[in-house]
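The values are calculated or read from the model by the stated rules, or taken from the named source; none is laboratory data. This is a predicted model, so every value here is computed, not measured. Here the Cβ is made from the backbone with ideal geometry for all residues, glycine too, and neighbour counts use every protein chain on show.
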Amino acid sequence: MAYRHAPSTLSLGGLLKHLAVIEAAWVNVTFAGTVETPTWYAQYKEQEGRNDWTFSTAADDSPEQLLAWLDEAQRTTEQIVAETADLDTIAQEKFWDGQEATLRWILLHLIQEYARHLGHADLLREAIDGSVGI
């Protein structure tokens, strides 16, 4: 119970980039079949095959760029959700194992993804300045 986490290569920038890419991948690509090609897509193609690319390359991107990618992903999600009549609509792309997902499932999964990584951000902040949430 008193175990302290070791130093990590995880960064706030890496979390921002990861969330932007994950949201776009689930909603824009998997659900909608790519309504709009994300502006980070060329970087993804350069890193193809590296599962950790969002975390490991974020230091090369400016904070403004990372925030712009997250904003882009969220605006596209808002558009897609607004244009979808039923949250039980099946995604255009299947999972790697052939399973299908609804928009409802994808949005709930994103809530879990954000919650998990916002917890990571809290730990990073505490390690930087000692501040803790209440």
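Might you check whether a residue that is modelled with pLDDT under 90 and acidic (D, E) occurs anywhere in segment 49-71?
Scanning segment 49-71, I find at least one residue that is modelled with pLDDT under 90 and acidic (D, E), so the answer is yes.
Just give me the residues in segment 46-99 being hydroxyl-bearing (S, T, Y) and closer than 18 Å to H18 by Cβ, in sequence order.
T54, S56, T57, S62, T76, T77
Within the bounds of segment 91-107, is there any residue that is of a type outside the set (G, A, S) and either under 13 Å from the mean Cα position of the chain (by Cα) or within 23 Å of S8 (Cα to Cα) (or both)?
The answer is yes, given that some residue of segment 91-107 is of a type outside the set (G, A, S) and either under 13 Å from the mean Cα position of the chain (by Cα) or within 23 Å of S8 (Cα to Cα) (or both).
Based on what the data block shows, is V21 in contact with a helix residue (DSSP H, G or I) (Cβ under 8 Å, 6 or more places away or on another chain) and within 23 Å of L123 (Cβ to Cβ)?
So V21 fits the description; yes.
Counting only residues that are crowded, with 17+ Cβ neighbours inside 10 Å and free of Cβ contacts under 8 Å to residues at least 40 places away in the same chain, which one in segment 26-42 is nearest to E93 (Cα to Cα)? I'd like the intermediate steps shown before the answer.
Of all residues in segment 26-42, those crowded, with 17+ Cβ neighbours inside 10 Å come to 26-32, 38, 40.
Then drop every residue that is not free of Cβ contacts under 8 Å to residues at least 40 places away in the same chain, which leaves 38, 40.
Values: P38: 17, W40: 20 Å.
Only one residue fits best here, namely P38.
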